[in-house]
1. Looking at the stretch 74-87, I want the residues that are under 15 Å from Leu44 (Cβ atoms) and have a partner that is in a loop (DSSP other than H, G, I, E, B) and among the hydroxyl-bearing types (Ser, Thr, Tyr) with Cβ atoms under 6 Å, at least 6 apart or on another chain. Which pairs are those?
2. Among the residues that make up the stretch 128-140, is at least one of them surrounded by 14 or more Cβ atoms within 10 Å (Cβ to Cβ) and assigned to a strand (DSSP E or B)?
3. Which pairs turn up if I take residues in the stretch 122-143 that are within 14 Å of Leu45 (Cα to Cα) and look for partners that are in a helix (DSSP H, G or I) and not β-branched (Val, Ile, Thr) with beta carbon separation below 9 Å, at least 6 apart in sequence or on another chain?
4. Inside the stretch 99-123, can you point out the residues that are modelled with pLDDT of 90 or more and surrounded by 14 or more Cβ atoms within 10 Å (Cβ to Cβ)?
5. How about the stretch 124-139: which of its residues are aromatic (Phe, Trp, Tyr) and either closer than 21 Å to Ser58 by Cα or at pLDDT below 90 (or both)?
Amino acid sequence: MNQVYLFSTICAFSALLLLFLLQRITNKRHLVSAEVALLDPLDLLIHPQPANYCGASSHYGRIKCNGQIYLTRKRLVFHPYFGSTIALELSAIISAELRKSFLGGLRLGSQVLVLTLANGIEIGFYCRDPELWSQTLRESFPT
């Protein structure tokens, strides 16, 4: 009897936790959609898409997380589902390159987009089309 009660309690708690997480992710997606809707369509270079933050060499933290990423003519924005938004001005990004690994992390078959900032900090993201991101960023750098 106690095992059935314990199992029921664990299932109920798990279901509530899952609902909370799904609600949080949905709210973040709506936030990103609303933010992008306020932008001039000509300023948006790459529309929001799912991405994984791989960490940074310093300042932005090394905790990996999922979120939405997009690129405008002025900045790259990553909205994690949990945590603070990372907004990088394009003028602060000095290089964008593709690597097989970053900060000791390796994902088979995927390349990580590594951004180097003017202050020497490196930030990594897994995104759907890393070649497009890398090329678009390089074309956006001030000449």
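The values are calculated or read from the model by the stated rules, or taken from the named source; none is laboratory data. Source: prediction; values computed, not measured. Cβ placement follows ideal geometry from the backbone for every residue including glycine, while neighbour counts extend to all protein chains displayed.
1. Going by the 6 Å Cβ cut-off, the qualifying pairs are His79/Thr85.
2. The first filter runs over the stretch 128-140 and keeps only residues surrounded by 14 or more Cβ atoms within 10 Å (Cβ to Cβ), leaving 130, 132-134, 136-137, 140.
Next, only the ones that are assigned to a strand (DSSP E or B) stay: none.
Within the stretch 128-140, not a single residue is surrounded by 14 or more Cβ atoms within 10 Å (Cβ to Cβ) and assigned to a strand (DSSP E or B).
3. Note: pairs meeting the criteria are Leu137/Leu90; Ser140/Leu90; Phe141/Leu90; Phe141/Ser91.
4. Val112, Leu113, Val114, Leu115, Thr116, Leu117, Ile121, Glu122, Ile123
5. Residues of the stretch 124-139 aromatic (Phe, Trp, Tyr): 125-126, 133.
Within the stretch 124-139, Phe125, Tyr126 meet the criteria.
Each row is one residue, and each column tells you yes or no for (1) hydroxyl-bearing (Ser, Thr, Tyr); (2) at pLDDT below 90; (3) exposed (fewer than 15 other Cβ atoms within 10 Å of the Cβ); (4) on the phi < 0 side of the Ramachandran plot.
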| site | (1), (2), (3), (4) |
| --- | --- |
| Val4 | no, yes, yes, yes |
| Ile10 | no, yes, yes, yes |
| Ala15 | no, yes, yes, yes |
| Asp43 | no, yes, yes, yes |
| Ala87 | no, no, yes, yes |
| Ala96 | no, no, no, yes |
